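Structure record follows, encoded as structure tokens.
The values are calculated or read from the model by the stated rules, or taken from the named source; none is laboratory data. These numbers come from a predicted model, not from an experiment. Methodologically, a virtual Cβ is constructed for each residue, glycine included, from the backbone with ideal geometry; neighbour enumeration extends over all protein chains shown.
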Amino acid sequence: MSDAAGRPTRRSVLTAAGAAGLVLATAGVAEAHTRPLGALPAGAGSRSATGIRTGRVRLTLPRPAGPRQIGTLSLHLIDRARQDPWTSHPSPRELMVTLWYPARSTRGFRRAPLLPPKAAAQFRQQISKDLRTPMDHVDFPLTHGHEGAPVRPHPGGHPVILFSPGYRAQRGLSTALAEDLAGRGYAVVTIDHTYDSQIVEFPGGRLELGRQPARPTDADVRKALRVRMDDAGFVLDRLAALNAGRATNAAHSGSGSGAGHGQLPRGVRGSLDLSRIGMFGHSLGGDTAAEVMARDSRVLAGVDLDGSFNGAVAATGLDRPFLLMSNANHGRHNDPSWKQFWSHLRGWHLELRLRDSGHQTYTDLSPLVQQLERALPLPPEVVAQLTAGIGTIDADRAVAAERAYLSAFFDLHLRGHDSRLLSAPSPRYPDISFVP
């Protein structure tokens, strides 16, 4: 969505992921390009004489750069003090979250899939329709997190980082960033905002699908933002119970299948440092991070990955550290909400721009779509729309830069470790520009 002068409106960046479906909707805010993309990983299938890949295609996520092994656990949280605002019948608010954490050992613990089984089947069906190509021979990635692995001990516990996904997006499609932070010593909690997220699988295989309009009104966005803020506050409250070693309503393995129901990994008790909490999010999730910071002093530092601001925080600002990261065609120069928010920031703040990127470059769709474009015979118009959402930057290079700057930011403001990466442009990451 743009105004008469072609500038993005407040909701254009926000809704790019939810405008017309789960995959083709990535076209929201960048121009289409059709540059050939990088090679598929090993095991991605062989080519027939026609050049079309045959056999099974295994999609992969970039390997985390952090030195530690990674454990993961999904939790089913029930807020009995709050009625779900998206259902017509009275029912408590239910959430699914995933905890990513440094593991002491991963031997004997299986790697978690990117999505739990029924959610994966639903997602496969929807993206097959969007891509106009069967996906029966495509396997979704395994993550680098091991389900239920014991937690690596750390004096005082691991700093905690919350993550909120974009409007109508799933928490599982930002795994590459979450698990990398866990490999660097953080406990990362990713949140699915039920009925906002497109697909949420609960224990036992119950699916709850999104109920939000693809093209929301301002009122729709404001309500979604309020619900997300309440969700985040509730999750923070429940983390105290988890840190005390108590199951938070229900716990189960990272696969979302219900295996391990009611059990917590060894070492969870006391593993979280709840005095050092940060939050980041993509699109509306980045807006959510800022609004949560304005409301909740427990969150000490925040990051917005390419999301416009739709709530009061744009006018009130923040007094704590905040990082803005944008795609190649977005920023203070053309988003009034960013300009307003920036002018009211009273703490440490920085704006970075990722060259040749699109709105979805900050999600797992970037590496996954680039692999799919090479593996499947997609119609040219589909390729153009997909590339408009993820940009033309090589996905591995983009993910490496995003990980480096996210970890540098949280290291500085939650741990007091200054790598100097945030001080000036770095030749190691030439695709990142510092916006004055």
*If you scan segment 376-392, which residues turn out to be in contact with a strand residue (DSSP E or B) (Cβ under 8 Å, 6 or more places away or on another chain) and surrounded by fewer than 23 Cβ atoms within 10 Å (Cβ to Cβ)?*
LEU376
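Conditions (1) surrounded by fewer than 19 Cβ atoms within 10 Å (Cβ to Cβ); (2) under 17 Å from the mean Cα position of the chain (by Cα), marked per residue:
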{"position": "ILE127", "(1), (2)": "no, no"}
{"position": "PRO134", "(1), (2)": "yes, no"}
{"position": "ASP139", "(1), (2)": "yes, no"}
{"position": "GLY145", "(1), (2)": "no, yes"}
{"position": "HIS154", "(1), (2)": "yes, no"}
{"position": "VAL160", "(1), (2)": "no, yes"}
{"position": "PHE163", "(1), (2)": "no, yes"}
{"position": "GLN170", "(1), (2)": "no, yes"}
{"position": "THR175", "(1), (2)": "no, yes"}
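Residue-wise test of (1) outside any strand (DSSP E or B); (2) aromatic (Phe, Trp, Tyr).
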residue	(1), (2)
ASP287	yes, no
LEU300	no, no
PHE309	yes, yes
LEU318	yes, no
GLY331	yes, no
LEU345	yes, no
LEU350	no, no
*Looking at segment 396-415, is at least one residue among the aliphatic types (A, V, I, L, M) and without any contact (Cβ under 8 Å) to a residue 24 or more places away in the chain?*
yes
*Condition test on ASP231, is it among the charged types (D, E, K, R), modelled with pLDDT of 90 or more and touching a Leu at 6+ places or on another chain (Cβ under 7 Å)?*
yes
*Here are some conditions: (1) touching a Leu at 6+ places or on another chain (Cβ under 8 Å); (2) on the phi > 0 side of the Ramachandran plot. VAL188 meets all but one. Which one does it not meet?*
(2)
*Can you name every residue in segment 343-375 that is hydrophobic (A, V, I, L, M, F, W, C) and buried (at least 20 other Cβ atoms within 10 Å of the Cβ)?*
LEU352, LEU354, LEU365, LEU368, VAL369, LEU372, ALA375
_Residues satisfying the stated conditions in segment 273-303, i.e. buried (at least 24 other Cβ atoms within 10 Å of the Cβ) and touching a Ser or Thr at 6+ places or on another chain (Cβ under 9 Å)_ = MET279, PHE280, GLY281, HIS282, SER283, LEU284, GLY285, GLY286, ASP287, THR288, ALA289, VAL292
_Sole exception among (1) aliphatic (A, V, I, L, M); (2) buried (at least 24 other Cβ atoms within 10 Å of the Cβ); (3) more than 23 Å from HIS154 (Cβ to Cβ) for MET229, by number_ = (2)
*Do we find a residue being within 22 Å of the chain's Cα centre (by Cα), surrounded by fewer than 22 Cβ atoms within 10 Å (Cβ to Cβ), over 26 Å from ALA395 (Cβ atoms) and touching a residue at least 60 places away in the same chain (Cβ under 8 Å) anywhere in segment 98-116?*
no
*Which residue pairs have Cβ atoms under 6 Å apart, sit 6 or more places apart or on different chains, and have a first residue in segment 133-153 that is basic (Lys, Arg) and a second that is part of a strand (DSSP E or B) and crowded, with 21+ Cβ neighbours inside 10 Å?*
ARG152/PRO102; ARG152/ALA103
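The rows are residues; the columns are (1) under 20 Å from ILE277 (Cα atoms); (2) touching a strand residue (DSSP E or B) at 6+ places or on another chain (Cβ under 7 Å); (3) at pLDDT 95 or above.
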site	(1), (2), (3)
THR133	no, no, no
GLY148	no, yes, yes
VAL160	yes, yes, yes
SER164	yes, yes, yes
ARG171	yes, yes, yes
GLU208	no, yes, yes
ALA224	no, no, yes
*Can you spot a residue in segment 292-311 that is farther than 30 Å from HIS154 by Cβ, among the hydrophobic types (A, V, I, L, M, F, W, C) and modelled with pLDDT of 95 or more?*
yes
_Whichever residue in segment 200-226 is hydrophobic (A, V, I, L, M, F, W, C), surrounded by fewer than 19 Cβ atoms within 10 Å (Cβ to Cβ) and in contact (Cβ under 8 Å) with a residue 24 or more places away in the chain and, among such residues, is farthest from VAL188 (Cα to Cα)_ = ALA214
*Collect the residues in segment 373-395 that are assigned to a helix (DSSP H, G or I) and in contact with a helix residue (DSSP H, G or I) (Cβ under 7 Å, 6 or more places away or on another chain), keeping them in residue-number order.*
GLU373, VAL382, VAL383, GLN385, LEU386, ALA388, GLY389, ILE390, ALA395
